[in-house]
Amino acid sequence: MISNKNSLENESLIEKNKILKKIEKKDSTDEKNTHQIFDIADDGSQITCYLIFYKRSYIRTTFFVILAILTVGLSLLFFHWFPKLKLKSTHRKVLHINHADRFLILRDDKTFNIVKKDHVQLIDQKGNNYQRVSFQYRFINYLQDTTTQTFQRVEFEMNKNFREILSTMSNGINDKNEIKNRKNLFGQNLINVPVKSYIGLLLDEILNPLFVFQVFAILVWSLEDYYYYAVCIFLISSFAAIMGMLDAHRNLENLQKMARHECFVNVFRNGEFKEISSKKLVPGDVIEIPNNFILPGDFILLNGQCIVNESMLTGESTPVIKTSLPNDPKQIYDILSHKKYTLYSGTKVIQSRFYSGNRVLAMVVRTSFNTMKGSLVRSILFPKPHNFKFYRDTFKFLIVMAIIAVIGFIVSTIFFLKLGVSVSDILVRAGDLITIVVPPELPIVMTTGASFAIMRLKKIQIYCISPPRINVSGKINFICFDKTGTLTTDGLEVLCVRPTSQNKFSSEQTHIDSTFSNVPSKMLHVMACCHSLSRVDGEIIGDPLEIQMFQFTGWEFQEIQSDENTGFDTLISTIVYPPKDSEEKEANSEDVDSEQKSEQNSDDLVIENPDANLALTANNPSTEFGIVKTFDFSSNLQRMSVIVQQTDIQSLELHVKGSPEQIRILCDENSIPKNYSSVLDLYTKEGYRVIALAYRELPEVDLSDLDHLLREEVEKDLIFLGFLVLENKLKPDTKDVIIQLNDSRFESVMATGDNPLTAISVSKKCNLIHPTSVVFLSERRNGKIRWVNVDNHNQIFDLEKNQIINLKDDEISLSDSEEVDISKGETIKKENNLLVSANDIELVIIGEHFFEMKKNHELFEKMLIQTHIFARMTPENKSQLIQEYQEIGYVVGMCGDGANDVKALKAAHIGVSLAETEASIAAPFTSKRQTIQSFVDVVREGRCSLVSSFQAFKFVALYALIQFVGVVQLYLINSNLGDWQYLYVDMFMVLPLSIFMSRTGAAKRLVRRRPTASLVSASVLTSLVLHLILIFGFQYVSLELLKKQSFYSPLEASLDSDNILCYETTTIFLVSNFQYLFVLIAVNRSKPFKKSVFTNRFLLVTIILLVLLSFYLLLFPDSFIRGFMQMEKLDWNFKFILLALCLFHLVLAYFMEQFVTSPTFKKQDSNLRPLDISLFLNKLFKITIYSQMLYQLSYSENI
């Protein structure tokens, strides 16, 4: 158990040393100075890297060149594939960095990079030049720290408080040498994605191992005089390489267009503004922000206000309002936490507001690839390695196939030597076997399923920017949902306000009447003023909650510029006022019906206040307020506030809104009603969102004090005014989708920034947790986290002992309590007299308790497994939550909006952003359909794609085995298949079948089972072995039966010819044609992850045509076809024997795949019954009888 920060640091250091020792052992060196450790921030998480020093060795380089000459450049190809070996073949390790010229960077995720040692030229304070060692890694510069001799990422230091930034950095850079230093350190302010030339990209395609293998295969086939086949494969491979080159070039160009941005900016340097190119900006520069301006870097807004469209980064189309940095000496600026004051690169400033005659100014804090946009671009250029089992097993499977090829080669070599075949011919035949085992269709098969899935998703407005994630989504077993905008609608509707009078709650008010007389004036003023709304082209822009709150009041607001004459001080940027026609109703506003009675709720929590009308009549419709200062909403503080000035009163007021828990802490206790908690629970348990409203007069504050005023100085001793209650309705299909996920055995959780009771209510309504579950909420008591029943506060849950404890008083005294051990099957009674077991216990934890729980690792994991609701979670908390579930073995998906959930969406294995934009880099998947059904659709298509890829790979493997077994048997008699026979099988049979079989669509509903991702599992290997036995068995039996036919004459093999035209080759070719088709039918299962195969018209038509062709080649080939395909003539008797054998093979292969070796087969899901077996035997009997009848008919005709 980790108790403090020091122990955390020690543990981290120990872990790093362990990994370092492993690396040192692996590299077989005792030179500890050869390594350095440094951390990089990649995609929001710390990744440890290890630096190894290398220097050019001229002796090794000489041997490297000689080897390249002796191997005619083949060694260069090998080293191109293994750059680490190339480095070690030309360089040697050195003890000190001063002797090095190359660095080998090893990462924790087992990836590596080789970078060049560089130097940065700098100027000291005296004007003297000096240099520091540096290197660039993934477009980020790293600089050596001269004191620690370690490397650190080059970053602009911003560990200053807000006031220091405004006072010392807001005037820009005035030192020319400092500007030069920063240019050398940070480089040009351009996100310049390098685009290779067409020749370079084509070389990348050609030097790809698969393409090189295909070139090798073409050479082998050419040596065996298979010219037609070799030419066809060459044309297809060349076409694929050219298309890959064009596609890569197009993608890089599109990424560069999206990433690169250069414009002219008005920068403040040396005491004056001047226009320069944005690529010359350096951190610390101060520029002017105009309207309709695309930002060329990350900035701190120093003054004014900006309305920004951030859809490119977040996918959220609603503009957001950015405000200037407050003059606060207590807060230290952090670019991730203080988004409200930060303008991000690539986003567009729709409108910038200025007042008091000032320009809107912002200071550069990050440039180029260091920006938020640059980080996202780097995540596309250098994606996380997909440690997906299916992709890992692909290479393992090829090793298994290679072993089979070696065995076949050994057996063939023995017979070749007996036959007197030359060594050169044996080597060519060995190469031929290798090309058979690794077929040229394999690269296409690996991507076809995902390509079809992406096309289908696009049709339903779901866009994918990371194709490899398609198959990963098929293994998702855990889903984390955001609440607002994901499970519930984006739009909030005001249900009512619950004002107070004389420290008691008044009745609910579901609307504000035209005279504003039914709501206390102070409450009305807070709702009208406490917001940060703005207007763009007449449309109100801002937080949906604030828009609903403001529109509920019926008031209006106007943003004023510096040249407008108003009755306010020039500090005021916005005035708020009631409708102009309200003055006509002023007389009626004081005439309140004395007989009106407040509505009473069934729980008797509403208290009739006889003096409430005094407060209700205090409104003055002619009142206008000016907002003079805004303390922005903070997710950590859970509140926002504004200071306003009334027209006819010089004194100021503070208006505050926020979470009920935080507002209660800040309020004067005398203004809090006694039933505050019970009324709050009344609404939150129904799933409503509750906002607390409060105010305070500020007679001691003057306008001149506002610039240095801290929110902590005024946000205290507030007067509580009441609750604003908003309804956030579930989306129409949310409940049905959650029920479907529950039925499919997905683990689903909610992570929200909302009130825990509201989250509980929404979770019960949508069946995320069972409506009758007993829910325990985390709370801190006596420095520890405990779990309290939300319906019975005298009942707590002991997570460690898995016990429910019934307390006899409010204190935790276990000696005076009753324990119920639900882990032993005991039950407790709920209020409705229903019994509850361990499965009915649900835990809810709030964000601030989440990290405290991590101190006890074992208990933390137990909490994760039993918790389905995480409330009051910040965006950083959500991202951490995703990573924690990944660490305990879940394949995690995240579904949320593109604004606050970007980190979590990027951290998850699969992220689906519900955004109105067509595609963004916020998540691998973006859905324009604002429903969580989109996530289900991604999972459905992922499962379908994974199964299709799995089946297509298995089919191609079996095709290789069929051809391999047949060719090996022909090698034993020094024969082989013909050129056109190979061409027909590969181009006209296997290629279209392997592509079209992946075209079958996804099943409409999810099932409990998940598809396998393992290609080397026991079930798969068993299936292949059994298929191999069947393939060999039927081919062997066919050849043995051939030898017994009267027309048969054995091949007289010649060492000088191909020996293709013979009965053995014809038999193997005809039998294998049916085997390819029947194996595909056997392995191409539809249920439960795909639609019926009959919906795949392309595949059906292809199978029917190929079956007819196979029948034709077997039964009715004319002399021209036989000569063209190099086939011998067979008699009818033997033809029907072969047909019967092939059909029998189909029955056995299908039976085996469906009921014996299927990787998704489970006993409880089996539909195998005695009737099924009898049907198979009946079909087999009919086939045999039918074949015999055909044979007798043909025999009688021959007589």
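Couple of notes before you dig in:
- Accessible-area value, Tyr137, 1.4 Å probe, nucleic acids and ligands omitted, Å²: 10 Å²
- Reported to the nearest whole Å, the Cα centre-to-centre distance from segment 320-339 to segment 233-250 is 50.
- Ranking Phe870, Phe1116, Phe1151 from most to least accessible surface, computed with a 1.4 Å probe over the protein chains only, gives Phe1116, Phe1151, Phe870.
- Neighbours of Gln125 by Cβ distance under 10 Å: Lys/Arg scored +1, Asp/Glu scored -1, total -2.
- Judged by the mean number of other Cβ atoms found within 10 Å, the most tightly packed of the peptides 978-991, 209-222 leads the ranking 978-991, 209-222.
- Solvent-accessible area assigned to carbon and sulfur over segment 708-758 amounts to 48 percent, based on a 1.4 Å probe.
- The amide H of Phe631, built 1.01 Å from its N in the peptide plane, has Ser641, Val642, Ile643 as neighbours under 5 Å, considering only residues 5 or more places off or on other chains.
- Rounded to whole Hz, the Karplus (6.51, -1.76, 1.60) HN-Hα couplings of segment 1143-1149, x for glycine and proline: 5, 5, 4, 4, 4, 5, 5
- C-alpha center-to-center spacing [segment 970-1027, segment 663-696] in angstrom: 65 Å
- Only protein heavy atoms count here; under a 1.4 Å probe, His119 has an accessible surface of about 80 Å².
- Between Tyr130 and Asp733, the simple spin-label model (points 7 angstrom out along Cα→Cβ) gives 6.5 nm.
- Rounded, prolate or oblate (a/c below 1.5 giving rounded, otherwise prolate when a/b exceeds b/c) for segment 879-988 by Cα gyration tensor: prolate
- Heavy atoms of Tyr577 accessible to a 1.4 Å probe, total area in Å² rounded to 10: 40 Å²
- Sorted largest first by accessible area at a 1.4 angstrom probe radius, with every protein chain in place, the residues Ile865, Ile845 fall in the order Ile865, Ile845.
- Charge tally in the Cβ shell below 12 Å around Asp736, where Lys, Arg are +1 and Asp, Glu are -1, Asp736 excluded: +1
- Accessible carbon and sulfur surface of segment 40-197 relative to its total accessible area, %, 1.4 Å: 53 percent
- Proximal charge balance of Glu164 [Cβ under 12 Å; K/R count +1, D/E count -1]: +1
The values are calculated or read from the model by the stated rules, or taken from the named source; none is laboratory data. Not measured: the values here are computed from a predicted model. For neighbour counting, all protein chains shown are included, and Cβ atoms are generated from backbone atoms with ideal geometry for every residue, glycine included. Calculation scope for accessible area: heavy atoms of the full protein, side chains included, ligands and nucleic acids excluded. Shrake-Rupley method; radii C 1.70, N 1.55, O 1.52, S 1.80 Å.
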